[in-house]
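For reference, the structure is listed below as structure tokens.
The values are calculated or read from the model by the stated rules, or taken from the named source; none is laboratory data. Just so you know, these numbers come straight off a predicted model, no measurement behind them. Cβ sites come from the backbone with ideal geometry, for glycine too, and all protein chains shown count toward neighbours.
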Amino acid sequence: AIRAVVDDKTEVREYFNTEGFNRWSRIYSEDGEVNSVQMDIRNGHAQTVEKVLKWVDADGSAKEGKTFCDAGCGVGSLAIPLAQRGAQVSASDISSAMAEEGAARAASLGVKNVEFSTSDLESIQGNYHTVTCIDVMIHYPEDKMAQMVSSLASHADERLIISFAPNTWYYRALKSFGELFPGPSKTTRAYLHTEESVVNALMSAGFKLQRTEMTGTNFYFSRLLEAVRQ
Ligand code: SAM
């Protein structure tokens, strides 16, 4: 079982340092050439980020004085706008290519209160008002998910904001369809999760649900949960 995780993580790290970096840094941009599937994913992901920002703006919780940890930050699509609102943001990713691109984007925008580093989310240090982890759980098999949630929770003083690809009949069908036509370049395994199992993991970690959202486009689907300490 331990080997399975090592293998998944090694594969994910390698992918997001090579083909995955090329593909996803383009998807997570406002311009640049993408195909129609990637455009759909770009728009869906942007909607998820907007939903998180709407929550933090509604209660002013990304203002100066607040601390955020964005685990599996990618190229900073969420970490940078959080920092632009005044919060001190610690952004990390298992892929050095993704984290370095995030740092370059922050620098080019003149955003200073965000620090990017390369780290497995299970090795994150410190405590933060809010821990966010967006669209990362898809890389975790079901039997490692609760451990991942409890690891994130251990760094969150007040709030966790996480998303996952929901395991429903519809998305299972979409995923198996996608696996028949995996496209020209290599991808990673993708794991769906049931809402019940994620909520149970949050509860075991001492958190309860506060707000929820769902984003579904043709090729992108993400259930978003905000949980606060019980
Ligand atoms: N959260 C970002 C966003 O929403 O823009 C990026 C999402 S991208 C689909 C998934 C990211 O999770 C990749 O950058 C990948 O390198 C990172 N990742 C996967 N497993 C990880 C782990 N165990 N620890 C840290 N980052 C991880």
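Points worth noting:
- Segment 81-102 - residue that is of a type in the set (A, V, I, L, M, F, W, C) and buried (at least 21 other Cβ atoms within 10 Å of the Cβ) and, of those, farthest from residue 136 (Cα to Cα): 87
- Residue satisfying condition, being closer than 21 Å to residue 151 by Cα and either crowded, with 17+ Cβ neighbours inside 10 Å or out of contact with any Pro (no Cβ under 9 Å at 6 or more places or on another chain) (or both), within set 40, 31, 8, 57: 8
- For first residues located in segment 60-75 and part of a loop (DSSP other than H, G, I, E, B), partners that are of a type in the set (A, V, I, L, M) and more than 11 Å from the ligand (Cβ to nearest atom) and lie 6+ apart or on another chain with Cβ distances below 6 Å form the pairs 62/56; 62/82; 62/87; 66/87.
- Residues of segment 49-80 that are over 16 Å from residue 131 (Cα atoms) and within 11 Å of the ligand (Cβ to nearest atom): 75 alone.
To keep it simple, each residue is scored yes or no on (1) hydrophobic (A, V, I, L, M, F, W, C); (2) more than 9 Å from the ligand (Cβ to nearest atom); (3) touching a residue at least 60 places away in the same chain (Cβ under 8 Å).
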{"site": "82", "(1), (2), (3)": "yes, yes, no"}
{"site": "107", "(1), (2), (3)": "yes, yes, no"}
{"site": "112", "(1), (2), (3)": "no, yes, no"}
{"site": "135", "(1), (2), (3)": "no, no, yes"}
{"site": "146", "(1), (2), (3)": "yes, yes, no"}
{"site": "149", "(1), (2), (3)": "yes, yes, no"}
{"site": "165", "(1), (2), (3)": "yes, yes, no"}
{"site": "169", "(1), (2), (3)": "yes, yes, no"}
{"site": "175", "(1), (2), (3)": "no, yes, no"}
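- Subset of segment 87-121 (residues that are part of a helix (DSSP H, G or I) and small (Gly, Ala, Ser)): 96, 97, 99, 102, 103, 104, 106, 107, 108
- Total residues in segment 210-226, condition small (Gly, Ala, Ser) and over 15 Å from the mean Cα position of the chain (by Cα): 1
- When 208, 144 are checked against the criterion of being in a helix (DSSP H, G or I) and among the basic types (Lys, Arg), a single residue qualifies: 144.
- Cβ pairs under 7 Å, 6+ apart, first in segment 12-30 and acidic (Asp, Glu), second more than 11 Å from the ligand (Cβ to nearest atom) and not in a helix (DSSP H, G or I): 19/185; 19/186
- Yes/no for residue 183 being outside any helix (DSSP H, G or I), away from the ligand (no atom under 13 Å from the Cβ) and either among the charged types (D, E, K, R) or modelled with pLDDT of 95 or more (or both): no
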